[in-house]
Amino acid sequence: MKKIITSLSVLAIAATTAAAFAGATGTTTADAVVAEMKAAGYTNISVETSLLGRTEIEGEKDGEEREVVLSRSGEILRDEVELEDGGESEENDS
């Protein structure tokens, strides 16, 4: 019984450490990006997965379209805002 409790304790510590590491490395999820975009007033938000496994999130607000691309590991690869006339107002390429 003591061995089972010790094993569970080790698993719990490993899971907590992994979660903390993920937060510390700047990874994010599509759900977090969608929530942030909704809070900023974006609508028509879509989430798709590319052939390379990247997550592409797009939304619209006041004549602009925002696109956020996440790697498989959750790293933000691109965060762009394009104006309705085709010009870009903001870009964050990593």
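We did not get these values from a lab; they are worked out from the coordinates using the rules stated. Fair warning: this is a prediction, and the values are worked out from it, not measured in the lab. Ideal geometry is used to build each Cβ from the backbone, glycine not excepted, and the neighbour counts take in all protein chains shown.
Below are the figures for this structure:
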read-out: Options 51, 63, 32, ranked by Cα towards positive dipole end of region 25-65, top entry (Cβ charges); value: 32
read-out: Length gained when the stretch residue 39-residue 75 is fully extended (0.36 nm per residue, less Cα-Cα span); value: 10.9 nm
